[in-house]
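Engineer: Dropping the structure in here first, questions after.
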Amino acid sequence: MLVVGIATFITLYQKRILQEQERKRLLELEFQQKMIQTQLDTQEKDSIRIAADLHDSLGSLLWGAKLNAAFMGRSFEMEGEVKESYDALVDILDQSIHAVKRIAWELTPEAFHHSGLSQSLATLCARFNGKGLRVEFNEAGESFLWNDNRALSVYRIIQELVSNTIKHSEASRLEVDLFWTPGILFVKVSDNGKGFILTEKRGGVGWWNINHRSKQLKALIEIGDIPMGQGSEISLRIPLQHAK
Amino acid sequence: MDLPIIISHFSSGSVLVPLGIFIFKRFRIVKDLAPLIVLLIVSLLCDLSSFIIIRYSVNTYPLVNFYLFTQFSVFYYLFFNYLKRAAILKWIFIFFCGFYTVNISFFQGPFQFNSVTNVFASIILMALSLYYLFTLLKELPTATIHRLPILWISFAALGYYGGNFFLFLFSNYLTKSIDGSLAILWVLHNILNVIKNILFAIGLWQAYHNPNSSI
């Protein structure tokens, strides 16, 4: 009886230890996820703040400068080099205003919550299209207006992938494909650039964001096995539960 | 030689198992288990003394009562230490000492086995060992519980005093229904003693091989 008692106690104890270890592991996981969520939320808030600052302060200043320049244009008769210089100044101001708008839009797509994921991605692709790079956006399946925080995370991932392609791939063609199914959204971002080495350690902030946003979305991310120099292909499989 | 006598000698000799480990480890004393070594030596000395004085037809019960009190005190001290020296435990021990003194002085006396005190001691130590085991389950102090010396000492206390409790509680029934009167009681008690010493030996072995495992 004593032997049975000892065996039962030790078994019970080990079972409790395993339960406790599992509880601690889940707590740690939950804590890590909360930390990541906080970090991503902070990034998003910072983006909104910077975008607002850019738009409201620098944007306003540039608009003010352009209005003054226009007033000067109307007030004085300019000729020759002065006129050329004045036109160049107005052109630079126009470009600066456009750049501020573009940066602010990239930081917080102002219409994201109105237009949703598909429309925002179409706009993103259209903005990068041209100047030696053909960016195509294709969509299939039954899409819907997906505009919550999960959708914004998907948008950020694709934005980061597109940005990486533009910065590093030397590609002339980039495709963003969405395929909507009732439960899953399939995303494919592919280009014909120089590709990248799969074994290379990806420790940058961009990849950190992609990985952690994917984890939060419970998405599966796959990097296509394409030979070096023949482009790259990155696929995402994003569950759509509670998205509608 | 009768079987009860053989079992009795076997029981007396079983103390040599944990003591043998102590000797094998060159008399090194693990800090927290010093009282246990003292108990083993007292046990050996009491058994040797009983073996000698019984030849002169001298009553050995004073020695038995003294040993049972010593054993209770050592077990109690070990649990007292491991249960964070709770204040209530001090009062229980003082109450037990008073009970022991009154019983040995005015009721059962020193020349007969103090069964009432022994049942009382059994209840206290069973409760303490169960409480300690419950504390272990609650606090989960280590992943390898079998390496904890006090665990084996708790099982020793629970097995020995639990067995004793039922033996002495049902002593009347046992002695009436089974021939051999008190002999059967002592045979069962001696078996419990052997189990207790084996569990002590396991506890000591774990203490020597896992010096950081005590709580």
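Engineer: Considering only region B:81-103, state which residues are modelled with pLDDT under 90 and among the aromatic types (Phe, Trp, Tyr).
Structural biologist: Within region B:81-103, B:TYR82 is the sole residue that qualifies.
Engineer: Assess whether A:LEU40 counts as being away from chain B (no Cβ under 14 Å), part of a helix (DSSP H, G or I), modelled with pLDDT of 85 or more and more than 30 Å from B:LEU130 (Cβ to Cβ). Reasoning before the result, please.
Structural biologist: Details: away from chain B (no Cβ under 14 Å): yes; part of a helix (DSSP H, G or I): yes; modelled with pLDDT of 85 or more: no; more than 30 Å from B:LEU130 (Cβ to Cβ): yes.
Considered against the rule, which asks whether it is away from chain B (no Cβ under 14 Å), part of a helix (DSSP H, G or I), modelled with pLDDT of 85 or more and more than 30 Å from B:LEU130 (Cβ to Cβ), A:LEU40 comes out as no.
Quick grid of which residues meet (1) surrounded by 15 or more Cβ atoms within 10 Å (Cβ to Cβ); (2) free of Cβ contacts under 8 Å to residues at least 60 places away in the same chain; (3) touching a helix residue (DSSP H, G or I) at 6+ places or on another chain (Cβ under 7 Å); (4) not in a strand (DSSP E or B):
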| residue | (1), (2), (3), (4) |
| --- | --- |
| A:PHE144 | no, no, no, yes |
| A:ASN147 | yes, yes, yes, yes |
| A:LEU152 | yes, no, yes, yes |
| A:LYS167 | no, yes, no, yes |
| A:LEU178 | yes, no, yes, no |
| A:LYS188 | yes, yes, no, no |
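Per-residue answers, yes or no, for (1) at pLDDT 85 or above; (2) part of a helix (DSSP H, G or I); (3) within 30 Å of B:GLU139 (Cβ to Cβ):
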{"residue": "A:PHE31", "(1), (2), (3)": "yes, yes, yes"}
{"residue": "A:ALA51", "(1), (2), (3)": "no, yes, no"}
{"residue": "A:VAL82", "(1), (2), (3)": "yes, yes, no"}
{"residue": "A:SER85", "(1), (2), (3)": "yes, yes, no"}
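Engineer: Moving on to the next point. State yes or no: is B:PHE107 farther than 21 Å from B:SER8 by Cα, free of Cβ contacts under 8 Å to residues at least 60 places away in the same chain and surrounded by 13 or more Cβ atoms within 10 Å (Cβ to Cβ)?
Structural biologist: For B:PHE107, the condition - farther than 21 Å from B:SER8 by Cα, free of Cβ contacts under 8 Å to residues at least 60 places away in the same chain and surrounded by 13 or more Cβ atoms within 10 Å (Cβ to Cβ) - is not met.
Engineer: Among the residues of region A:86-100, what is the count of those that are surrounded by 16 or more Cβ atoms within 10 Å (Cβ to Cβ) and within 28 Å of the chain's Cα centre (by Cα)?
Structural biologist: 3
Engineer: Shifting gears a bit: Return the only residue of A:LEU58, A:LEU62, A:LEU54 being surrounded by 12 or more Cβ atoms within 10 Å (Cβ to Cβ), in contact with a Ser or Thr (Cβ under 6 Å, 6 or more places away or on another chain) and under 30 Å from A:GLN95 (Cβ atoms).
Structural biologist: Numbers: A:LEU58 fails: in contact with a Ser or Thr (Cβ under 6 Å, 6 or more places away or on another chain); A:LEU54 fails: in contact with a Ser or Thr (Cβ under 6 Å, 6 or more places away or on another chain).
Answer to the check: A:LEU62.
Engineer: Right, here's the next one. Residues of region A:1-29 being facing another protein chain (nearest Cβ under 10 Å), among the hydrophobic types (A, V, I, L, M, F, W, C) and over 16 Å from B:LEU140 (Cβ atoms), which ones?
Structural biologist: A:MET1, A:LEU2, A:VAL3, A:ILE6
For every residue, the table says whether it meets (1) at pLDDT below 90; (2) outside any loop (DSSP other than H, G, I, E, B); (3) touching an Asp or Glu at 6+ places or on another chain (Cβ under 6 Å); (4) not aliphatic (A, V, I, L, M).
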{"site": "B:PHE120", "(1), (2), (3), (4)": "no, yes, no, yes"}
{"site": "B:TYR131", "(1), (2), (3), (4)": "no, yes, no, yes"}
{"site": "B:ALA143", "(1), (2), (3), (4)": "yes, no, no, no"}
{"site": "B:TRP152", "(1), (2), (3), (4)": "no, yes, no, yes"}
{"site": "B:PHE155", "(1), (2), (3), (4)": "no, yes, no, yes"}
{"site": "B:LEU167", "(1), (2), (3), (4)": "yes, yes, no, no"}
{"site": "B:LEU192", "(1), (2), (3), (4)": "no, yes, no, no"}
{"site": "B:ASN197", "(1), (2), (3), (4)": "no, yes, no, yes"}
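Engineer: Among the residues of region B:120-163, what is the count of those that are more than 13 Å from chain A (Cβ to nearest Cβ), more than 27 Å from A:LYS15 (Cα to Cα) and buried (at least 18 other Cβ atoms within 10 Å of the Cβ)?
Structural biologist: Adding up the residues that qualify gives 4.
Engineer: Which number in (1) surrounded by fewer than 18 Cβ atoms within 10 Å (Cβ to Cβ); (2) in contact (Cβ under 8 Å) with a residue 40 or more places away in the chain marks the one condition that A:VAL205 misses?
Structural biologist: (2)
Residue-by-condition table, conditions (1) closer than 30 Å to A:GLY204 by Cα; (2) touching a Pro at 6+ places or on another chain (Cβ under 7 Å); (3) modelled with pLDDT under 90:
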{"position": "A:ARG74", "(1), (2), (3)": "no, no, yes"}
{"position": "A:LEU89", "(1), (2), (3)": "no, no, no"}
{"position": "A:THR108", "(1), (2), (3)": "yes, no, yes"}
{"position": "A:PHE137", "(1), (2), (3)": "yes, no, no"}
{"position": "A:ALA151", "(1), (2), (3)": "yes, no, no"}
{"position": "A:THR165", "(1), (2), (3)": "yes, no, yes"}
{"position": "A:ARG173", "(1), (2), (3)": "yes, no, no"}
{"position": "A:PHE179", "(1), (2), (3)": "yes, no, no"}
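The values are calculated or read from the model by the stated rules, or taken from the named source; none is laboratory data. All of these numbers come straight from a predicted model, not from anything done at the bench. All Cβ positions, even for glycine, are placed from backbone atoms using ideal geometry, and neighbour counts span all protein chains on display.
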